[in-house]
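Peer 1: This structure is in structure tokens; I'll ask about it shortly.
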Amino acid sequence: MAIDTPFVELNNGNKMPQVGFGLWKVDNATCADTVYNAIKTGYRLFDGACDYGNEVEAGQGVARAIKDGLVEREDLFIVSKLWNSFHDAEQVEPIVKKQLADWGVDYFDLYYIHFPVSLKYVAPEVRYPPGWFVDGGSKIEHGKASLESTWKALEEVQKKGLAKSIGISNYGGALLLDLFTYATIKPAVLQIEHHPYLVQQDLLTLAKENGIAVTGYSSFGPQSFIECDMKLAADTPLLFDHPVIKKAAEAHGKTPAQVLLRWATQRGVSVIPKSNSQGRLQQNLDVTSFDLTQEEVEEISGLDKNLRFNAPTNYGIPVYNFA
Ligand SMILES: NC(=O)c1ccc[n+]([C@@H]2O[C@H](COP(=O)([O-])OP(=O)(O)OC[C@H]3O[C@@H](n4cnc5c(N)ncnc54)[C@H](OP(=O)(O)O)[C@@H]3O)[C@@H](O)[C@H]2O)c1
């Protein structure tokens, strides 16, 4: 039976599911089936991006679910992101339209600026998704688009109905404050890395004070990055193995993954876990049916190390510490 998840009301009145499905590193070969099965299981939000290289396949899963009568388009909350190479204002609308065509839908529910970094334009005919390197190898070339000009282009995307909400990802406090000086449409959602090793209470407070919902990614901390060959320091155990997380899991008869997701949602942060496994995908959706105690929430928050795993420097891109 499909599991229901609660919604968060955004500052423009739109409703966003509190738990969604992340599409980064979802294999192309299985992506359509994974999305279809996720919809069958109860997922309604899909967190995609140009950079994940699987928007066509994700859209095929959506189309099949609609065709089979599992859902209608309006039941879904489809999210995508603007890649760094498309920050120039005149490139924004064309690439949004290409991404919509890839998904096979005519609007996104939410469209983010993926990173606050402008890279030199690479035409989709040359390479898609373009990735970080202008030559597809190892050469970084920065673009000339200011974040203000890119945000204004996203505002136009929303005004034209191509996205119902717009947001930013990987912005820290200073960039948010700067954005408030020029935005005529406030971002609806801020998407950031968020887990017990990177608690970011100040940033959550700033977002809340300004009516911006927060979605946390990489809720399991290092788990997603060891797949990318990242090495962990000896004093940084996997969160699934951490005694504090395991203790809470045992106390509630839940898995460590469910504890990590519940810790986030109890802090007011929406989550978008990714899994290539049907069993784990199902378990990750069932994370709002129990409550951690206040003491448990605080003990888990106490694991904070201000440790960021999604820093491009950690995977060989030498120049950014964007948050
Ligand atoms: N805005 C950004 O810059 C940004 C950056 C990173 C991620 N994101 C978004 O956030 C989503 C989630 O983040 P993420 O993909 O980094 O990582 P994540 O969801 O924190 O972790 C995924 C890892 O955890 C494993 N896993 C999933 N559920 C599990 C469970 N119940 N028990 C044990 N292991 C489990 C997965 O393996 P299996 O697949 O084998 O289950 C995978 O190794 C992404 O897919 C993407 O949509 C956004």
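The values are calculated or read from the model by the stated rules, or taken from the named source; none is laboratory data. Quick caveat, the model's predicted, so the values are computed rather than measured. Positions of Cβ are generated from backbone atoms using ideal geometry, with glycine treated the same way; all protein chains shown enter the neighbour counts. Surface accessibility is based on the protein's heavy atoms, side chains included, excluding ligands, DNA and RNA. Shrake-Rupley method; radii C 1.70, N 1.55, O 1.52, S 1.80 Å.
Peer 1: Tell me the per residue accessible area of the chain using a 1.4 Å probe; a whole number in Å² is fine.
Peer 2: It amounts to 42 Å² per residue over the chain.
Peer 1: To continue, here is another question. With bins 10 Å wide starting at 0, give me the P(r) of the stretch 11-308 over every alpha carbon pair, in whole percents.
Peer 2: That works out to 6, 27, 35, 25, 6, 0, in percent per bin.
Peer 1: Under 16 Å Cα to Cα from Lys25, which lysines show up? Leave out anything in the same chain fewer than 8 places away.
Peer 2: Within reach: Lys81, Lys274.
Peer 1: Of the GluC sites (Glu not before Pro) in the stretch 270-300, which ones lie in a loop per DSSP and count no more than 13 other C-beta atoms within 10 Å?
Peer 2: Qualifying residues, ordered by number: none.
Peer 1: For the chain, give the percent of accessible area contributed by carbon and sulfur heavy atoms, probe 1.4 Å, rounded to a whole number.
Peer 2: 50 percent
Peer 1: Could you work out the relative contact order of the chain? I mean the mean sequence separation of Cα pairs under 8 Å and 6+ apart, divided by the number of residues, in percent.
Peer 2: Relative contact order comes out at 18 percent.
Peer 1: Here are some pairs, Lys186/Lys305; Lys208/Lys231; Lys98/Lys164; Lys98/Lys144; Lys15/Lys186; Lys208/Lys305; which of them have Cα atoms lying more than 27 Å apart in this structure?
Peer 2: Lys186/Lys305; Lys208/Lys231
Peer 1: Let me ask another. Skipping prolines and chain starts, which residues have an amide H placed within reach, meaning under 5 Å, of the one on Val8, given they are 5 or more residues away or on another chain?
Peer 2: Amide H neighbours of Val8, under 5 Å, 5+ apart: Met16, Gln18.
Peer 1: At a Cα cut-off below 17 Å, give the lysines reachable from Lys67, other chains included and same-chain residues fewer than 8 away excluded.
Peer 2: Lys40
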